[in-house]
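Data block below; observations after.
The values are calculated or read from the model by the stated rules, or taken from the named source; none is laboratory data. Everything numeric here is computed off the predicted structure, so don't read it as measured data. Methodologically, a virtual Cβ is constructed for each residue, glycine included, from the backbone with ideal geometry; neighbour enumeration extends over all protein chains shown.
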Amino acid sequence: MNRRGYRIPDGLGKAAVKTHALQTLTRGPLTRREREAFGVRPIYRRFRPDGQQFRPQSMFRTIEASMKMKYAQIHPARSPIHCLILLVASCLTAFLTARADERLFTYVQEAEVLPKGGLEFEQWLTHRRSKANGVFARWDFREELEYGLTDRLTVAGYLNFKNTHSEGVTGRTDESSFEFEGISTELKYQLLNPNLKPIGVLLYGEATYNGDEFELEQKLVLQKNFGEKWVAAFNVTLEQEWVFTPTGTEEELALELTAGIAYKLNSHWSVGVEGRNHRVFAPGLDFSHRLADAWFLGPNVHYARGKWWATLTVLPQVHGSPNTRNGLELEEHEKIEVRLIAGINF
């Protein structure tokens, strides 16, 4: 039973969770001496001085506090076995509560950033398949290392590779090759945190160079969280590309709209849907001449455990123009795309 003045409200603070764990274990109210020994203070309000609501602490923090109460002594002296048990409890808590800064989507960017000093590695694998005729398959590989400069700003570097197999495709030379596609740098700046504000806003910039091509990408990212289960995101992306040839420089512009919604089944799994509209304008860097337009829609699944996570998306093309075959645009785009991103935090 809880002592009067120690009722735990819906928005649990750290002290409230600890008090509840200790009282539950001891089957009674804490004495003043016990509260002082474990750093527990009475809970007088549900909100911090800055007006933000207290958030529930991890259940594993409660486990750690309970184990400390059970095995620790109020007096300073502790036996070696007590110290060992406390050490194991603390390590177990740190392991179980560590979670990666995972992505719920692969084509849609979220308005989340790493904390200051955070370091994450991501492996990207994208497969594009099938043109109007012949045999076509392409694999894109990206290795990314991302670092949190501040709690709002992150920087990342990429290595890009591609493997292409093309045979009998109209307008393309038959080939089977593996190529290095250059390096990329990325900056993300979070204007509004989606976990603290009604909507999250993030600005994204990326530059890619491989010797023969230079590409810039700018992105506006919006994210909305609906309670603890639903996450929705929307992106507007502009891409400018310059291809350097012996006869001059070719320019191309792309506009991409992506959106996704995901539902968190539990602490490990989520499922969702992603949509993508990709438009290519060429020649030039304006919207005067649209070369191709394709729409994609498909499901995704996400899994996270400990410090690592993985997300898989399958995006078949559902409509395109000009109509190359069966209502699809298959010169600049493919019939289907599949993307897997896996990440681990250090």
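When R128 is evaluated against the numbered criteria (1) within 22 Å of I341 (Cβ to Cβ); (2) basic (K, R); (3) assigned to a loop (DSSP other than H, G, I, E, B); (4) modelled with pLDDT of 50 or more, which criterion, by number, is the only one it fails?
Single failed check for R128: (3).
When you check L145 against the structure, is it under 14 Å from the mean Cα position of the chain (by Cα), surrounded by fewer than 16 Cβ atoms within 10 Å (Cβ to Cβ), modelled with pLDDT of 95 or more and not polar (S, T, N, Q), yes or no? Please lay out each step first, then the result.
Details: under 14 Å from the mean Cα position of the chain (by Cα): yes; surrounded by fewer than 16 Cβ atoms within 10 Å (Cβ to Cβ): yes; modelled with pLDDT of 95 or more: yes; not polar (S, T, N, Q): yes.
Yes: the conditions hold for L145.
Looking at K219, K162, which one is in contact (Cβ under 8 Å) with a residue 12 or more places away in the chain, in the same structural domain as Q123 (by TED's automatic domain parsing) and buried (at least 18 other Cβ atoms within 10 Å of the Cβ)? Walk me through it before giving the result.
Working: K162 fails: buried (at least 18 other Cβ atoms within 10 Å of the Cβ).
Sole residue among the options that is in contact (Cβ under 8 Å) with a residue 12 or more places away in the chain, in the same structural domain as Q123 (by TED's automatic domain parsing) and buried (at least 18 other Cβ atoms within 10 Å of the Cβ): K219.
Looking only at residues in segment 196-216 that are β-branched (V, I, T) and more than 15 Å from L153 (Cβ to Cβ), which one is surrounded by the fewest Cβ atoms within 10 Å (Cβ to Cβ)?
Narrowing segment 196-216 to residues β-branched (V, I, T): 199, 201, 208.
Those still in the list that are more than 15 Å from L153 (Cβ to Cβ) too: 199, 208.
Values: I199: 13, T208: 19.
Going through the qualifying residues, I end up with I199.
Specify the residue that is farthest from the chain's Cα centre (by Cα); the eligible residues are those in segment 173-201 that are over 23 Å from E241 (Cβ atoms) and assigned to a strand (DSSP E or B). Before you say what the answer is, go through the steps one by one.
Kept after step one, since they are over 23 Å from E241 (Cβ atoms), are these residues of segment 173-201: 174, 176, 189-201.
Remaining after also requiring assigned to a strand (DSSP E or B): 176, 189-192, 200-201.
Numbers: S176: 33, Y189: 14, Q190: 13, L191: 17, L192: 16, G200: 13, V201: 14 Å.
Filtering segment 173-201 for residues that are over 23 Å from E241 (Cβ atoms) and assigned to a strand (DSSP E or B), the one farthest from the chain's Cα centre (by Cα) comes out as S176.
Filter segment 263-301 down to residues that are in contact with a Pro (Cβ under 9 Å, 6 or more places away or on another chain), surrounded by fewer than 18 Cβ atoms within 10 Å (Cβ to Cβ) and closer than 25 Å to E252 by Cα, then give me how many there are.
As a first pass, look at segment 263-301 and keep what is in contact with a Pro (Cβ under 9 Å, 6 or more places away or on another chain): 271-274, 289, 291-293, 296-298.
Checking the rest, the ones that are also surrounded by fewer than 18 Cβ atoms within 10 Å (Cβ to Cβ) come to 271, 273, 289, 291, 297.
Now restrict to residues that are closer than 25 Å to E252 by Cα: 289, 291, 297.
Matching residues across segment 263-301 total 3.
Is segment 299-315 home to any residue that is touching a strand residue (DSSP E or B) at 6+ places or on another chain (Cβ under 7 Å), over 30 Å from L119 (Cα atoms) and part of a strand (DSSP E or B)?
Here is the first cut: in segment 299-315, the ones touching a strand residue (DSSP E or B) at 6+ places or on another chain (Cβ under 7 Å) are 299-303, 307-315.
Keeping just the survivors that are over 30 Å from L119 (Cα atoms) gives none.
Within segment 299-315, none of the residues are touching a strand residue (DSSP E or B) at 6+ places or on another chain (Cβ under 7 Å), over 30 Å from L119 (Cα atoms) and part of a strand (DSSP E or B).
Restricting attention to segment 277-298, which residues are in a strand (DSSP E or B) and either among the polar types (S, T, N, Q) or within 19 Å of A232 (Cβ to Cβ) (or both)? Can you show your working first?
We begin by selecting, within segment 277-298, every residue in a strand (DSSP E or B); these are 277-281, 290-298.
N277, W295, F296, L297, G298, listed by residue number.
Does N193 fit the bill of being more than 28 Å from L114 (Cα to Cα), surrounded by 14 or more Cβ atoms within 10 Å (Cβ to Cβ) and either of a type in the set (S, T, Y) or at pLDDT 95 or above (or both)?
Details: more than 28 Å from L114 (Cα to Cα): no; surrounded by 14 or more Cβ atoms within 10 Å (Cβ to Cβ): yes; either of a type in the set (S, T, Y) or at pLDDT 95 or above (or both): yes.
Answer is no for this residue.
With the checklist (1) part of a strand (DSSP E or B); (2) free of Cβ contacts under 8 Å to residues at least 40 places away in the same chain in hand, flag the one item E274 doesn't pass.
Of the numbered conditions (1) part of a strand (DSSP E or B); (2) free of Cβ contacts under 8 Å to residues at least 40 places away in the same chain, the odd one out for E274 is (2).
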